[in-house]
Structure formats: C-alpha cells, structure tokens
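A.B. asks: This is the structure, below, for whatever I ask next.
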Amino acid sequence: MTVVLNLVAPWLSGVGLGVFFFVGLWWTIHRGVGSRHAALWFAGSTLVRIGVALAGMYWSTGGRWEKLLACVLGFIVARVLVTRLAGPPLASVDPTAREDSHASES
C-alpha cells in the first residue's frame, strides 16, 4: 500500500505536466495558424513545453524509474483527456485554399 501511495504524487505530477503540455499545444495551434510569425510561435512553444515537461518529470521523480513510469502514465492520461475535451481538429482551416490561391496567381 505504501508503494502505491508513493506513486500517486508522481502520477498526479504527470497529469499536470501533460495538461500543461497538450493545452499549450492546442493554444499554440489556434494562435499560430493565423499568425504572420507562425514558425516563431511553434518553435518557441515547443521549446517551452518540452523544457517544462522534462524539468517537471526530472524534479518529481527523483531519478526513480518507478516514479518516472507513473509520471509518464499520468502524462498519457492527460493526453487522452485533453484531446477528448478539445473537440475536433480545426475545421475552419483549409490547407488546400492557400495552394489554390498560389496556383491561380500565375
């Protein structure tokens, strides 16, 4: 029982880090798609999200593989939750619209 209780905190930490990561990804996509500097949005967001996730996992697990496994499982649970709550992908973005406009200009 004590072993299970020792894994609850890293699991919750993984859920929190996963929510931060995937909500940040969702926000970046919605913000970056219409931006003039989309590459900066995506690159900056990726660096911040990965940095926070890795540092949080390192800090919350203390180098123990059991805790790391619990943390990663929490991260995966957060991915499933966020993707279900976020709804369908961007329906308003039509990637072929940009290509058609370039083709019609020539």
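A.B. asks: Within region 54-89, restricting attention to residues that are in a loop (DSSP other than H, G, I, E, B) and loosely packed, with under 11 Cβ neighbours inside 10 Å, which residue is modelled with the lowest pLDDT?
C.D. replies: Pro89
A.B. asks: Starting from region 74-91, take each residue that is farther than 20 Å from Val15 by Cβ and list its partners that are modelled with pLDDT of 75 or more and surrounded by 14 or more Cβ atoms within 10 Å (Cβ to Cβ), counting only C-beta distances under 6 angstrom and pairs at least six apart or across chains.
C.D. replies: Matching pairs, first to second residue: none at all.
A.B. asks: How about region 20-42: which of its residues are at pLDDT 95 or above and either on the phi > 0 side of the Ramachandran plot or surrounded by fewer than 14 Cβ atoms within 10 Å (Cβ to Cβ) (or both)?
C.D. replies: None - no residue of region 20-42 is at pLDDT 95 or above and either on the phi > 0 side of the Ramachandran plot or surrounded by fewer than 14 Cβ atoms within 10 Å (Cβ to Cβ) (or both), so the list stays empty.
A.B. asks: Pick out the one residue from Leu47, Leu17 that is loosely packed, with under 13 Cβ neighbours inside 10 Å, of a type outside the set (Gly, Ala, Ser), part of a helix (DSSP H, G or I) and within 12 Å of the chain's Cα centre (by Cα).
C.D. replies: Just a single option satisfies the conditions, and that option is Leu47.
A.B. asks: While we're here: Hey, can you tell me all the residues within region 20-44 that are among the β-branched types (Val, Ile, Thr) and not in a helix (DSSP H, G or I)?
C.D. replies: Val33
The values are calculated or read from the model by the stated rules, or taken from the named source; none is laboratory data. Computed from a predicted model, the values in this text were never measured in an experiment. A quick note on method: Cβ atoms are made from the backbone with ideal geometry, for glycine too, and the neighbour counts reach across all protein chains shown.
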